[in-house]
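Remarks on the structure that follows.
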Amino acid sequence: MTADKPLRADARRKREALLAAAREVFEAGGFFDLRFDDFARLAGVGTGTLYRHFPTREALAEAVYHGEVATLCDRARRLRATLPAAEALAAFLRGMVDHMDAHQGLARTLATLMADRSSALAEGSRELERAVADLVAAAVQEGAVRDDVDAGAVMMALHGIGAAHDRPGWRAEADDVITLVLDGLRSPL
């Protein structure tokens, strides 16, 4: 499979079935309990199809990770296009906490798998930071957000929230941290 050649419809469906099966297994925390070939069975495809699309377990994990990043970046763009900039930023950050909360198993599995694939993580992190930077810049341009704080600080807060997900009362504390971030970003009157 070449990166520049579009997949046929049936090949695209099979690839998506593999990714969906992997997401489910990741979320349940059973990724390490399965043989790699089991993903083909769970997706209802042959093992040749699995290996053609994803030659290794790590390649499958990387594709799931990039899919998650793309979904989050698309959400940021949709919010930016449909809401005032400050509301879009707030909705995105609160939505990130919702996403972390709803997908804790997926996040843990991907973090474990991707720990030694720093270039894949870095690329995804850069994409997400660009999406956050666009939201912050739009809010700055609107005058709703201070112009002396950049997206890196916001990303650092999100990373901290994600890293602390095992704390008792995590969800309430995560929401509080987002409130602090948004209050801290607010432009002085």
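The values are calculated or read from the model by the stated rules, or taken from the named source; none is laboratory data. Only a predicted model underlies this, so the values are computations on that prediction, with no experimental measurement involved. Note: ideal-geometry Cβ built from the backbone for every residue, glycine included; neighbour counts use all protein chains shown. The protein model used for the area step is the full one, side chains on, heavy atoms only, and it has no ligands, DNA or RNA in it. Shrake-Rupley method; radii C 1.70, N 1.55, O 1.52, S 1.80 Å.
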Members of region 87-111 that are open to solvent by 40 Å² or more (accessible area, probe 1.4 Å) and in contact (Cβ under 8 Å) with a residue 24 or more places away in the chain: Arg94, His99, Asp101, His103, Gln104, Ala107, Arg108
Residue check, Leu180 farther than 19 Å from Ala63 by Cα and either modelled with pLDDT of 95 or more or open to solvent by less than 30 Å² (accessible area, probe 1.4 Å) (or both): yes
Unmet requirement for Glu142, which otherwise passes all of (1) open to solvent by 30 Å² or more (accessible area, probe 1.4 Å); (2) closer than 30 Å to Ala17 by Cα: (2)
Selection status of Ala102, modelled with pLDDT of 95 or more and small (Gly, Ala, Ser): no
Which numbered condition Glu62 misses (of (1) of a type in the set (Asp, Glu); (2) out of contact with any helix residue (DSSP H, G or I) (no Cβ under 9 Å at 6 or more places or on another chain); (3) within 17 Å of Ala21 (Cα to Cα)): (2)
Residue tally, condition among the small types (Gly, Ala, Ser) and open to solvent by less than 10 Å² (accessible area, probe 1.4 Å), over region 58-84: 2
Neighbours by Cβ (under 6 Å, 6+ apart or cross-chain): first from region 165-188, in contact (Cβ under 8 Å) with a residue 12 or more places away in the chain and polar (S, T, N, Q); second open to solvent by 70 Å² or more (accessible area, probe 1.4 Å) and assigned to a loop (DSSP other than H, G, I, E, B): Ser187/Arg146
Residues that are among the aromatic types (Phe, Trp, Tyr), assigned to a helix (DSSP H, G or I) and surrounded by 13 or more Cβ atoms within 10 Å (Cβ to Cβ), drawn from region 3-53: Phe26, Phe31, Phe39, Tyr51
Check on Leu158, in contact (Cβ under 8 Å) with a residue 40 or more places away in the chain and either surrounded by 16 or more Cβ atoms within 10 Å (Cβ to Cβ) or within 23 Å of the chain's Cα centre (by Cα) (or both): yes
Flag if Gly44 is touching a residue at least 24 places away in the same chain (Cβ under 8 Å) and more than 30 Å from Leu180 (Cβ to Cβ): yes
Residue in region 56-67 that is touching a residue at least 12 places away in the same chain (Cβ under 8 Å), more than 17 Å from the chain's Cα centre (by Cα) and over 24 Å from Val181 (Cβ atoms) present: yes
Some residue of region 105-118 being at pLDDT 90 or above, closer than 24 Å to Ala63 by Cα, touching a helix residue (DSSP H, G or I) at 6+ places or on another chain (Cβ under 9 Å) and not β-branched (Val, Ile, Thr): no
